[in-house]
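Report on the following structure.
The values are calculated or read from the model by the stated rules, or taken from the named source; none is laboratory data. Computed from a prediction, not measured in an experiment: that's the story for all the values here. As a convention, Cβ positions derive from the backbone with ideal geometry for all residues, glycine included, and neighbour counts pool all protein chains shown.
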Amino acid sequence: MNLLDKIDSPKDLKKIPREDLPELAREIRQKIVDVVSKTGGHLASSLGVVELTIALHYVFDVPKDKIIWDVGHQAYTHKLLTGRKDRFHTLRQHGGISGFPKIAESPYDAFTTGHSSTSISAALGIATAKELKSDTSKVIAVIGDGSMTAGLAFEGLNQAGDCKKDMIVILNDNDLSIAPNVGALSSLLSRTFSAKYLQDLKREFGDFLLSLPKIGPDAYQFAKRAEESFKAFITPGMLFEGFNFDYYGPIKGHRLNHLIDILNNIKKLDGPVLLHVLTQKGKGYPPAEKNPVFFHGVGSFEAETGAKLSGQKNAPTYTEVFGHTLVELAETDQKIIAVTAAMPEGTGLVPFSKKFPDRFFDVGIAEQHGVTFAAGLAVEGFKPVVAIYSTFLQRAYDQIVHDVCLESLPVIFAVDRGGIVGEDGPTHHGLFDLCYLRSMPNMTVMAPKDENELRRMMMTAINHSSGPIAFRYPRGCGLGVSLDTPILPIETGKGEILANGRDILILAIGSTVADAVEARRILMEKGIDAAVVNCRFIKPMDAELICGLAKKIPNILTVEENLLQGGFGSAVLETLCDHGIRNVHVKRLGINDRFVEHGAIQTLRARYGLNADGIVAAVISMVRQ
């Protein structure tokens, strides 16, 4: 029996001798690679924190002590050590365990995560609650260096340092070059300075200096500045010391003995502490070490070689079409600027960044800043294209309202991953953008039925100078349609009739249009004649087309891959009401007031009736009624 097989909880981990822990780390890495090669997932970041996770569970008493994993990309080892190894093969599969920490899944998951930079704020809230309850257990936030680029992380640091709450922040630094002075001296000093007796001595000496008549406060400040100068020379921790955190590090994150020693020391300290740990993404798996970007979020691959399994791909992805089309448009329009939030690969902007480096801006994990930054560009006459996943654009709601829509600035929003996105689950599904974007004054919102229409909508957006405009498109491959050249814009607010019919009117938007067309074919075989409209625009809606058809075909089905409350179907109802269309029977098909679980995209679309079969079933139900 290997070591991992003996562990069903952190209590079992603590029984393993320290000298055997490196072997446990090797077994965990093998397990993660074997499973993720089949399920896909966030591999490189999870492999980078194996030793750190083992050390945390070896030292702290979880779940009494709370560990909050920022984003959750790093949490696979945590899941294996907390009673989920027998279900680990179901990772990110429908009905299986989540790819992120989830309160409902395990008492060892202290906070549900999925979006970055929340851990420090959540940890501070938990630490404050513990203090109010006279609970002396520890709270630890583990945050990556990328997540530290978001303002939310610094807001949490600011309050935590100001109120001096008892909490530990571990900065998992696997990319930034902010720590040039790494080596044996830095590691030794961090482990030595964190010892409780030295910290007690430091405080006692500070109290002694302050008690000296007349010269006390000056002597104390001199000593403090001398200590800070020494730390600045040895370590890069002055930023965190400025937030009133006791800083230790940087320390190498793959040396278990050193990690356990320093965590045992820090565990005894009071007040806010930050430990800076240096790790390597993909550690222990050579393909991921060489290409951590590819293995950050990866599909299935060959475990032995790391080679991507060749899946059937008949068409480019919507993201690829967006990226190449933006380059094409920018070649003839010098005012086009691309903005993304730490996702140049994910949003398809790498070709643009190489072709037009002076017109490409990656703002880091800072969606709020990115939107307002784009607003500033628009004020000066440029055409900023803000490419952000739907789920992450939610973080910039206020900036879209106040900094863009209020003055009707021509900012273009390329909303990638609109709709159901699959295995990453409820924190990543883009099921709210139609609701929140269409509610904003001056905003135009559209969604293409295929990749060629995406290109046309991009041209429409570039030519739209009267205010902000957004187009949302799904994850995954297009339909394989031909791409028109030249690219022709679409008239704003105009839908198109794809098929005439007399029995029922199907109004579809975006990714649901193709399924609506397929559903019509099936319905015709059943003797039901359906009209199908590609509405294209959620706002402004083609009221003339929709109301004209509704007068002839009073049975109407709306289909959207979005939340029903306030979404496309709601917009249709409002349009019919506002134009006095009364004698109609409308059924809305979409996601009804819930968060959608993780699972394969097609599995989830079938489960929620958002495929051709689901549309057919909804139509037959309406006809029977």
Exercise. Restricting to the range 543-569, what's the tally of residues that are out of contact with any helix residue (DSSP H, G or I) (no Cβ under 8 Å at 6 or more places or on another chain) and surrounded by fewer than 24 Cβ atoms within 10 Å (Cβ to Cβ)?
Worked result: 8
For this session: With respect to LEU573, determine if the residue is out of contact with any Asp or Glu (no Cβ under 6 Å at 6 or more places or on another chain), at pLDDT 95 or above and within 29 Å of GLU451 (Cβ to Cβ).
Result: no
For this session: Considering only residues that are part of a helix (DSSP H, G or I) and in contact with a helix residue (DSSP H, G or I) (Cβ under 8 Å, 6 or more places away or on another chain), look in the range 9-24 and name the one that is surrounded by the most Cβ atoms within 10 Å (Cβ to Cβ).
Result: LEU24
Exercise. Which members of the range 300-313 meet the condition of being surrounded by fewer than 12 Cβ atoms within 10 Å (Cβ to Cβ) and in contact with a strand residue (DSSP E or B) (Cβ under 7 Å, 6 or more places away or on another chain)?
Worked result: ALA307, LEU309, LYS313
Problem set entry | Long-range neighbours under 8 Å by Cβ, at least six apart or interchain, first residue touching a residue at least 40 places away in the same chain (Cβ under 8 Å) within the range 21-45, second basic (Lys, Arg) | ARG29/LYS283; LYS31/LYS85; THR39/ARG92; GLY40/ARG92; GLY41/ARG92; ALA44/LYS281; SER45/LYS281
Problem set entry | Among the candidates LEU43, LEU56, LEU52, residue that is buried (at least 20 other Cβ atoms within 10 Å of the Cβ) and under 22 Å from the mean Cα position of the chain (by Cα) | LEU43
For this session: Sort out for me the helices (runs of 4 or more DSSP H) sitting completely within the range 321-426 that have 3 or more residues that are touching a strand residue (DSSP E or B) at 6+ places or on another chain (Cβ under 7 Å), in contact (Cβ under 8 Å) with a residue 40 or more places away in the chain and not basic (Lys, Arg).
Result: 390-393
Exercise. (1) touching a helix residue (DSSP H, G or I) at 6+ places or on another chain (Cβ under 6 Å); (2) closer than 26 Å to GLY156 by Cβ: which one isn't true of ILE97, the others all being true?
Worked result: (2)
For this session: Collect the residues in the range 500-515 that are hydroxyl-bearing (Ser, Thr, Tyr) and part of a loop (DSSP other than H, G, I, E, B), keeping them in residue-number order.
Result: SER511
For this session: Would you be able to tell me the number of residues in the range 449-499 that are touching an Asp or Glu at 6+ places or on another chain (Cβ under 8 Å), assigned to a loop (DSSP other than H, G, I, E, B) and charged (D, E, K, R)?
Result: 2
Seminar exercise, completed: Filtering the range 526-551 down to residues that are of a type in the set (Lys, Arg) and on the phi > 0 side of the Ramachandran plot yields ARG536
Exercise. What do you reckon, is LEU157 touching a Gly at 6+ places or on another chain (Cβ under 6 Å), crowded, with 19+ Cβ neighbours inside 10 Å and at negative phi?
Worked result: no
Exercise. Which one of GLU228, GLU241 is acidic (Asp, Glu), modelled with pLDDT under 90, out of contact with any strand residue (DSSP E or B) (no Cβ under 7 Å at 6 or more places or on another chain) and in the same structural domain as GLY125 (by TED's automatic domain parsing)?
Worked result: GLU228
For this session: Find all pairs meeting these conditions: Cβ atoms under 9 angstrom apart; at least six residues apart or on different chains; first residue within the range 560-579 and under 18 Å from ASN592 (Cα atoms) and part of a helix (DSSP H, G or I); second residue of a type in the set (Val, Ile, Thr) and modelled with pLDDT under 95.
Result: none
